[in-house]
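Everything below concerns the one structure shown next.
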Number of protein chains: 2
Amino acid sequence: MAKLTARSEDYSKWYNELVVQADLAENSGVRGCMVIKPYGYAIWEKMKEELDRKFKETGHQNAYFPLFVPKSLFEAEEKNAEGFAKECAVVTHYRLKTDPNNPQKLIVDPDAKLEEELIVRPTSEAIIWSTYKNWVQSYRDLPILINQWANVVRWEMRTRLFLRTTEFLWQEGHTAHATSAEAVEETEKMIHVYANFVQNFMAVPVIKGLKTDSEKFAGAEETYCIEAMMQDGKALQAGTSHFLAQNFAKAFDVKFTNKEGKIEYAWATSWGVSTRLMGALIMAHSDDKGLVLPPLLAPIQVVIVPIFRNEEQLAEIDNVVFDIKAKLESKGISVKYDNDDQNKPGWKFAEYELKGVPIRLAIGPKDLENKSVEVARRDNLTKEVQPLENLDTYIDELLKTIQTDIYTKAKDFQQDNITKVDTYEEFKKVLQEKGGFISAHWDGTPEEEEKIKQDTKATIRCIPLENPLEDGVSLISGKKSIQRVIFAKSY
Amino acid sequence: MAKLTARSEDYSKWYNELVVQADLAENSGVRGCMVIKPYGYAIWEKMKEELDRKFKETGHQNAYFPLFVPKSLFEAEEKNAEGFAKECAVVTHYRLKTDPNNPQKLIVDPDAKLEEELIVRPTSEAIIWSTYKNWVQSYRDLPILINQWANVVRWEMRTRLFLRTTEFLWQEGHTAHATSAEAVEETEKMIHVYANFVQNFMAVPVIKGLKTDSEKFAGAEETYCIEAMMQDGKALQAGTSHFLAQNFAKAFDVKFTNKEGKIEYAWATSWGVSTRLMGALIMAHSDDKGLVLPPLLAPIQVVIVPIFRNEEQLAEIDNVVFDIKAKLESKGISVKYDNDDQNKPGWKFAEYELKGVPIRLAIGPKDLENKSVEVARRDNLTKEVQPLENLDTYIDELLKTIQTDIYTKAKDFQQDNITKVDTYEEFKKVLQEKGGFISAHWDGTPEEEEKIKQDTKATIRCIPLENPLEDGVSLISGKKSIQRVIFAKSY
Ligand SMILES: [Zn+2]
Ligand SMILES: [Zn+2]
């Protein structure tokens, strides 16, 4: 394998190389669409599994709605339609035929033109709320708490593996409620579910907050988000939860009779995370040797590499390792024993470092004599010798320690790179020299927000939910402000 | 809820009503596309989970490939392209814009026409083999054993919920091998995996066989299939596994250096099952009262209904039921306690019969006195009183018995409805009067096959794998034949 470009040299190049070399994903023959390779997909599956468990725990059920949205439904909620119109893949025909000029080739059959074009869903509010219309008559039919795992398509001009692709995989929750308060509660509940997952499983600290009106979801009244900091100091929006008020209910005429016998429109939320989380996971922890995976999401948690000169030595090592492997697996730890004799141990060490396997055990003839094993941690690259006795307990604990340590390291980095500034001069200086997140006062207007974006490319990532009130003056207009918001350049 | 049409009256109407009334799926606002509702999706999730486990057990990994196939890739394997060209949804544009004549509406932006059209995948051989080209250089890169869970689109003119929909969910395995023998072995292995799943989990007996050339997959050398019998005697193809030989490797130039240093094309298989299995599950077991679900796929295995006159009685029953529920759940049994006081017990009984919950427990004041409970089986509608003592063990065993009994009943029905015939007269008479599968001699020509299809609408479902050799003469041409094949009308 080729050596990765160093992060310090070219962070963006490092990322692109890492995704491909670690077998996570690659570009496909379809513009802007990726192939998620088995190792990358195995990590995504672990994310899905845990998120799905959390959704069900909070009372949601999965369902499935059509890939296509007829144009008339798509355009029903005006703001949502406007927000996505410029990036829609459109199906216009339903048949191909043999090219009369070239019988080896196919052409679109002009006789098979659709009366109404179909939009490949960029998000499913429209198709889902047109369905909910028939499900809701009375307050007894509410709430509807549904999630969908699906692919969506947004025609992106500049794409990057996992971070921004034309097609991506995601889950989208779509709930309907009898009251505004209940819908707001749901919106907030789900942003907390996301924050817990990203922090506890992905080991990525986040800031929970509200989007400003210019950054919120098209069709939402409020967008809650979690913002994560990458190692280059840029922000990555890792999940969003939208309070949609009655916008979609009005667009699709979803009404119900409330407890008092009055007819009302239903209240909506939607919330989603996507394969973008893979990008966050990679960029938050990995280093110049490759991936660093938190144990809770690692497809292989422990790899065992035998060090041997001949068949006899390997046979002896095999014996001991089968026992170690069985014990670890009985504790629910996933283990790979790589006793392939084509590749040298050094090659294997580099390979599993690239793949981010949290713990590597190396065992040779001397270890057999000493009844010990070399234990190497991927996260901090330390090594130590451990007795074989009670190794399973030791590894089990070590995996927990690594999970915590990876989070702590990322949390320290985040804290060190949130800078409070009070003047626009300072803002620009910090952004250019140090980067990271900037905590500053803002006057609440889209004008000041836009001016800062034009000048510096930094946007307001969020108004943090857990925000201390603090009097101040805004960066440009100098108007009074009662709280700081988070600015950053972002992915 | 409305009463279901009886199967004897109108089988097809019964099916359509059942799917909707049992909350499994419904038609959507998109032509030919369905909404899979939470209860239906929960059954599909159980199928997925078990199939996924079996795929991984047999060495496969999941991955994900793009939804879109550029036309030039789509047409590369000629037979495959020909087979699907007439039912392709085609994306031709990537943007909408505001209608200048009606600013509330959107129109397709003619400036955003794609240079090359994109086909929404009807199956993924083309996109996957164009990817494998870059993954395979040496025999050491083989085999590739990949599965994908995905949605696919085939533009169907006549659609029916689960059985035939324009968009459906499925899994598609796509493997690449160094030798023909290994690919054939894989093809056969997977048809056995499917047969085991359908028989042991869905409790639906199947016949494993080979498709005739006129019925095989477009682009395959051989198609293996499993054929299930529905209660109306018609056949439903429940899964297929294709030996693709080197057809796709040649179309996409996937070559490798073999152990002897020679360059060869890789050998391929593909195999899939879809949400069509839901149709098979429903039609194989259900009755005029609703669904009958085998316990291994039932989202709710046991429902408990309290019989009470007042709050005090309900409180006493609650106490006992919480204990029963905990004990059953500790055995891994999924239990719903429906102590809602809006609906009467009779309503609940009918509701859970409609939903196919395998076991219903009813418990009232008299049962409390006697320390007993009424146990009702959904499959055969029998009831009995059981002591509360050791109820969990009893229920656990009963679920296994029900699973077996449902299979046995379906197997008996299948056996009773496979008829051997030796003349074409008899063939037509049996098909018309009794229906079911017909086991008969065939001369091996597409001409005789086609003639029978034209005359009777029955097709050759398969040439059974476990087929005794038997000399005979074919139905129409009177030519010699060495084995019988299975004819039937089919879904
Ligand atoms: Zn706002
Ligand atoms: Zn053949």
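In the set B:Lys105, B:Lys113, only one residue is among the basic types (Lys, Arg) and more than 7 Å from chain A (Cβ to nearest Cβ); that residue is B:Lys113.
Scan segment B:336-344 and tell me whether some residue there is surrounded by fewer than 23 Cβ atoms within 10 Å (Cβ to Cβ) and part of a helix (DSSP H, G or I). Within segment B:336-344 (the criterion being surrounded by fewer than 23 Cβ atoms within 10 Å (Cβ to Cβ) and part of a helix (DSSP H, G or I)), the answer is no, since none of the residues qualifies.
For residues that are over 16 Å from the mean Cα position of the chain (by Cα), in a helix (DSSP H, G or I) and not polar (S, T, N, Q), tally how many sit in segment A:1-15. Matching residues across segment A:1-15 total 3. Is it the case, given these coordinates, that A:Leu18 is facing chain B (nearest Cβ under 10 Å), touching a Ser or Thr at 6+ places or on another chain (Cβ under 9 Å), part of a helix (DSSP H, G or I) and not small (Gly, Ala, Ser)? No; evaluated as a whole, the condition is false for this residue.
Selection within segment A:21-38: residues that are under 24 Å from A:Leu296 (Cβ atoms) and without any contact (Cβ under 8 Å) to a residue 40 or more places away in the chain. The member of this set that is farthest from the other protein chains (Cβ to nearest Cβ) is A:Lys37. When residues in segment A:442-468 are screened for being open to solvent by 30 Å² or more (accessible area, probe 1.4 Å), more than 16 Å from A:Lys420 (Cβ to Cβ) and outside any loop (DSSP other than H, G, I, E, B), 7 of them pass.
There is no residue in segment B:163-183 that is away from ligand 1 (no atom under 16 Å from the Cβ), outside any loop (DSSP other than H, G, I, E, B) and within 22 Å of B:Val485 (Cβ to Cβ).
The lone criterion from (1) closer than 26 Å to B:Ala235 by Cα; (2) within 16 Å of ligand 2 (Cβ to nearest atom); (3) open to solvent by less than 30 Å² (accessible area, probe 1.4 Å) left unmet by B:Ala183 is number (1). Report, by residue number, each residue of segment B:184-205 that is among the hydrophobic types (A, V, I, L, M, F, W, C) and either assigned to a helix (DSSP H, G or I) or under 16 Å from B:Ala220 (Cβ atoms) (or both). Within segment B:184-205, B:Val184, B:Met190, B:Ile191, B:Val193, B:Ala195, B:Phe197, B:Val198 qualify.
If you check A:Ile282, A:Ile263 for being of a type in the set (A, V, I, L, M) and over 14 Å from the mean Cα position of the chain (by Cα), only one passes: A:Ile263.
Of everything in segment B:153-190 that is touching a residue at least 12 places away in the same chain (Cβ under 8 Å) and among the acidic types (Asp, Glu), the residue that is farthest from B:Gly59 (Cα to Cα) is B:Glu156. Contact annotation: no residue pair with Cβ atoms under 8 Å, 6 or more positions apart or on different chains, pairs a residue in segment B:215-226 that is at negative phi with a partner that is within 16 Å of ligand 1 (Cβ to nearest atom) and open to solvent by 10 Å² or more (accessible area, probe 1.4 Å). Scanning segment B:305-357 for residues being out of contact with any Gly (no Cβ under 8 Å at 6 or more places or on another chain) and either of a type in the set (S, T, N, Q) or closer than 16 Å to B:Thr393 by Cα (or both) gives a total of 19. Selection of segment B:186-226 for residues being away from ligand 2 (no atom under 16 Å from the Cβ), open to solvent by less than 20 Å² (accessible area, probe 1.4 Å) and closer than 24 Å to B:Pro446 by Cβ yields only B:Ile226.
Going through (1) touching a residue at least 40 places away in the same chain (Cβ under 8 Å); (2) at the interface with chain A (Cβ under 7 Å from one of its Cβ atoms) one by one, B:Tyr41 falls short only on (1).
Of all residues being more than 29 Å from A:Gly290 (Cβ to Cβ) and away from ligand 1 (no atom under 13 Å from the Cβ) in segment A:227-246, which is surrounded by the most Cβ atoms within 10 Å (Cβ to Cβ)? Just the residue, please. The extreme case among them is A:Ser241. Any residue at all in segment B:51-72 that's more than 30 Å from A:Asn62 (Cβ to Cβ), surrounded by fewer than 21 Cβ atoms within 10 Å (Cβ to Cβ) and acidic (Asp, Glu)? No - not one qualifying residue is present in segment B:51-72. Can you tell me which residues in segment A:197-226 are over 29 Å from A:Pro294 (Cβ atoms) and within 12 Å of ligand 1 (Cβ to nearest atom)? Once the filter is applied, which keeps residues that are over 29 Å from A:Pro294 (Cβ atoms) and within 12 Å of ligand 1 (Cβ to nearest atom), segment A:197-226 yields A:Thr212, A:Asp213, A:Ser214, A:Lys216, A:Ala220, A:Glu221, A:Glu222. Scanning segment B:237-292 for residues that are among the basic types (Lys, Arg) and outside any helix (DSSP H, G or I) gives B:Lys255, B:Lys259, B:Lys262, B:Lys289. When A:Phe162 is tested against (1) open to solvent by 10 Å² or more (accessible area, probe 1.4 Å); (2) farther than 20 Å from A:Ala76 by Cβ; (3) of a type outside the set (A, V, I, L, M), exactly one condition is not met: (1).
The values are calculated or read from the model by the stated rules, or taken from the named source; none is laboratory data. Small disclaimer: the values here were computed from a predicted structure and weren't measured. As a convention, Cβ positions derive from the backbone with ideal geometry for all residues, glycine included, and neighbour counts pool all protein chains shown. Heavy atoms of the whole protein, side chains included, go into the accessibility calculation; ligands, DNA and RNA do not. Shrake-Rupley method; radii C 1.70, N 1.55, O 1.52, S 1.80 Å.
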